[in-house]
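**Q** The structure under discussion is supplied below as structure tokens; questions concerning it will follow.
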Amino acid sequence: MPTKGERTTITKVHAFNEVGILEERGRQGWRLVGVGLGRLDVEYEGRPCEHLRVAFASPAQLSALREAGWEVAGKWAFLTYLWRPSPEPRSDA
């Protein structure tokens, strides 16, 4: 079991598999902290996270996403990568 704050790099990543990788790692409690050619740098957050990749994000888009709780994790070329903690499950009690 990883410890909170532990970091690792995922390699052999490309545009067609990175979203799925981030979804899976996010469910496992990892959040994106950096991106680069063929790699994703992740840190163990200890709680489920969501990730989002936006192409050609405008300042207005990024502002709206920040207001919705998203944080920029990194930028590469024309892509902006964001993360946020997954919302807590609703209790219908």
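**Q** What are the residue pairs meeting all of these: first residue in segment 48-62, first residue among the hydrophobic types (A, V, I, L, M, F, W, C), second residue assigned to a helix (DSSP H, G or I), Cβ atoms under 7 Å, and 6 or more apart or on different chains?
**A** These pairs meet every condition: C49/G26; V54/Q61.
**Q** Residues that are open to solvent by less than 30 Å² (accessible area, probe 1.4 Å): which strands (runs of 3 or more DSSP E) entirely in segment 26-93 hold 3 or more of them?
**A** It comes to 30-36, 39-44, 79-85.
**Q** Would you mention how many residues in segment 14-25 are under 23 Å from R66 (Cβ atoms) and surrounded by 16 or more Cβ atoms within 10 Å (Cβ to Cβ)?
**A** 3
The values are calculated or read from the model by the stated rules, or taken from the named source; none is laboratory data. Worth saying up front: this structure is predicted, and the values here are computed from it rather than measured. When we count neighbours, we look across all protein chains shown, and the Cβ atoms used for this are built from the backbone with ideal geometry, even at glycine. All accessible areas refer to the heavy atoms of the entire protein, side chains included, with ligands and DNA or RNA removed. Shrake-Rupley method; radii C 1.70, N 1.55, O 1.52, S 1.80 Å.
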